[in-house]
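S.K.: Here you go, one structure.
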Amino acid sequence: NVRVPVTDVLGEEGAAFSYLGQNLPRERLAMAAGGCATAAAAIAHAVSYTSDRRVFGKSVADFQNTKFVLAECATDLAAGQTMVDHAVALEDAGELSAVDAAICKLFCTEMAGRVIDKCLQLHGGYGYILEYPIARLYADTRVSRIYGGTSEVMKTIIAKSLSR
């Protein structure tokens, strides 16, 4: 029951949510780019840590499993970065749709979670010590699958575009 003078009303009455929705694709694109950035940082930390850490007389980076895990992470990141680059091109052309942005956000934020989890695993117990950057990335990245629309909301948007 708040009364707002007509001169102080921004836009049309009752249209606030639609105004907010106009910016969601760009916001989701930014979140996708953030997912790629945090995944890249996690990989860099894992490469540095595994190169320095020695177990059984050799660096953790020398183990085949470490090489395979880092290769998987790099591949995931490359796929995510390609999606972000494509979405940026669409945005620049004024053609980024809600579905395009949802696909990009879903993939990149989920990818960041997977990559950071794998990189934390390579740190072993040190991965849970908050003084290590990987622990902060792990904790801070989780919310990216929630804000701006949860992964489940992104899936709903994508699924609706597939039905006729």
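S.K.: So how strong a dipole does the range 77-164 carry about its Cα centre when Lys and Arg Cβ are +1 and Asp and Glu Cβ are -1, to the nearest 20 debye?
M.R.: Dipole about the Cα centre, nearest 20: 380 debye.
S.K.: Please give the per residue accessible area of the range 12-57, computed with a probe of 1.4 Å over protein heavy atoms only, in Å².
M.R.: Per-residue value: 63 Å².
S.K.: Right, another one. Working from the pairwise distances between different alpha carbons, so that the mean of 1/r is found and then inverted, what is the range 87-164's Kirkwood radius in Å?
M.R.: This gives a value of 14.0 Å.
S.K.: At what distance in nm do the modelled label points of residue 6 and residue 23 sit from each other, each positioned 7 Å from its Cα along Cα→Cβ?
M.R.: A separation of 2.8 nm, rounded to one decimal place.
S.K.: Taking the simple approach of a point 7 Å from Cα along Cα-to-Cβ for both residue 59 and residue 16, what is their distance in nm?
M.R.: My value for the distance between the label points is 5.6 nm.
S.K.: Placing one identical point scatterer on every Cα of the chain and ignoring solvent, what is log10 I(q)/I(0) from the Debye formula at q = 0.11, 0.14 Å⁻¹?
M.R.: After summing over all Cα pairs, the log10 values are -0.55, -0.77.
S.K.: Separate question: I want to check a number: in the chain, how many lysine pairs have alpha carbons closer than 28 Å, given a sequence separation of 8 or more or different chains?
M.R.: The number of close lysine pairs in the chain is 8.
The values are calculated or read from the model by the stated rules, or taken from the named source; none is laboratory data. Keep in mind it's a predicted model, so treat the numbers as computed, not measured. For neighbour counting, all protein chains shown are included, and Cβ atoms are generated from backbone atoms with ideal geometry for every residue, glycine included. Accessible surface is based on the protein model in full, side chains and every heavy atom, while ligands, DNA and RNA are left aside. Shrake-Rupley method; radii C 1.70, N 1.55, O 1.52, S 1.80 Å.
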